[in-house]
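To start, the structure under review is shown below, and the notes come after it.
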Amino acid sequence: MKIAVVTGAASGIGSDCCNDLLLHGWTVYALDRSQKALDNSATQFRQAGGRFVPMLCDVSNGVDVTRSFAAIRKQVPVLHAVICSAGIFRAGPLLEMAEPDFDALFAVNTKGAWLTARAALLLLKAGAGDGAPARIIFVASIAAIRPKVGGGAYAASKVALTQMARVLAVELAPMGILVNAVAPATVDTPMTRQLNADAGKNNYKLSGVSPLGRVAAVADVTSVIRFLLSNDANYLAGTILPVDGGTSAAFDPN
């Protein structure tokens, strides 16, 4: 039985990752900072029984992350994968952004992934075996490749995340841990729907439909994450995979 930790697990891509892993027989430790959302997830995944373990955790808080992984270590001796999906967005011109918003973006999107990977390291090392590497997967963004006006601070936090993925891929490869990232464009998630609802207030324009004629569904991203968790991806490390339907190839400065 394989064991994973998913952050940002109670919504959007993180929730769909939990669903996909559970369907494929994994045990999932689901970390999220919303108790209400975790309770809803526990109801949604009740048929998985003890294989779905919700845990309240704010990944931007080092004490919280350390406490969560200490609890996980008491229950299991190894981890086979960590998927860092927790993320937030703040819109606005870069130099007009409030300092707390700027700090929050990096605290969750970048520092949160770093804290999670650091806390998981010993369990991932224990879970890595001959021909069966352990995995860390970061959910970045196409904004790290093609930033947009009005989302500069968010883009910067995701650029930092992708560079961290590359560095960790080199540092952890000798331990049998593969580190990669996915970089989605616009995905139909609650966060994106809220951005659309607030468009009149923040003047931020989402990328919208891709050249494929639609925005991504969460399953489009989850399927790529599943590939990165599979033996078919055993020679991938430090890769940032755009999941954007061609969006980054269709230049649009707006």
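Based on alpha-carbon atoms, the Kirkwood radius and the radius of gyration of the stretch 51-197 give Rg/Rh equal to 1.00.
Counting every C-alpha pair in the stretch 100-165, the share spaced more than 18 angstrom apart comes to 45%. Span-like helix check, the chain: qualifying full DSSP H segments, with Cα axial length of 27 Å or more and mean Kyte-Doolittle of -0.5 or more, are 152-172. Treating each Cα of the chain as an identical point scatterer and summing with the Debye formula, the log10 of I(q)/I(0) at q = 0.07, 0.08, 0.11 Å⁻¹ comes to -0.22, -0.28, -0.55.
Within the accessible area of the chain, the carbon and sulfur atoms contribute 56%, probe 1.4 Å, all protein chains present.
Legend: P(r) of the stretch 1-57 from all alpha carbon pair distances, 5 Å bins from 0, whole percents, reading 5, 24, 38, 25, 7, 1. Rg/Rh, computed from the Cα trace of the stretch 1-119 with Rh as the Kirkwood radius, has the value 1.01.
Here the spin labels are modelled as points 7 Å beyond Cα on the Cα-Cβ line, and at Ala104 and Leu23 they lie 3.3 nm apart.
Protein heavy-atom accessible surface, 1.4 Å probe, per residue over the stretch 118-188: 36 Å². A P(r) calculated from all alpha carbon pairs of the stretch 66-111, with 5 Å bins opening at zero, reads 5, 16, 18, 17, 12, 10, 9, 7, 4, 1 percent. The gain in end-to-end length when the Asp130 to Lys36 segment is fully stretched comes to 29.8 nm, 0.36 nm per residue minus the alpha carbon separation. Only lysine pairs 8 or more places apart or on separate chains count here, and in the chain those with Cα atoms under 23 Å apart total 10.
GNM on the chain, C-alpha springs below 10 Å: top fluctuator among Ile136, Ile225, Ile145? Highest fluctuation among the options: Ile145.
The values are calculated or read from the model by the stated rules, or taken from the named source; none is laboratory data. Just so you know, these numbers come straight off a predicted model, no measurement behind them. Cβ coordinates were reconstructed from backbone atoms using ideal geometry, including for glycine residues, and neighbour counts include every protein chain displayed. Protein only, heavy atoms only, side chains kept; ligands, DNA and RNA dropped before computing areas. Shrake-Rupley method; radii C 1.70, N 1.55, O 1.52, S 1.80 Å.
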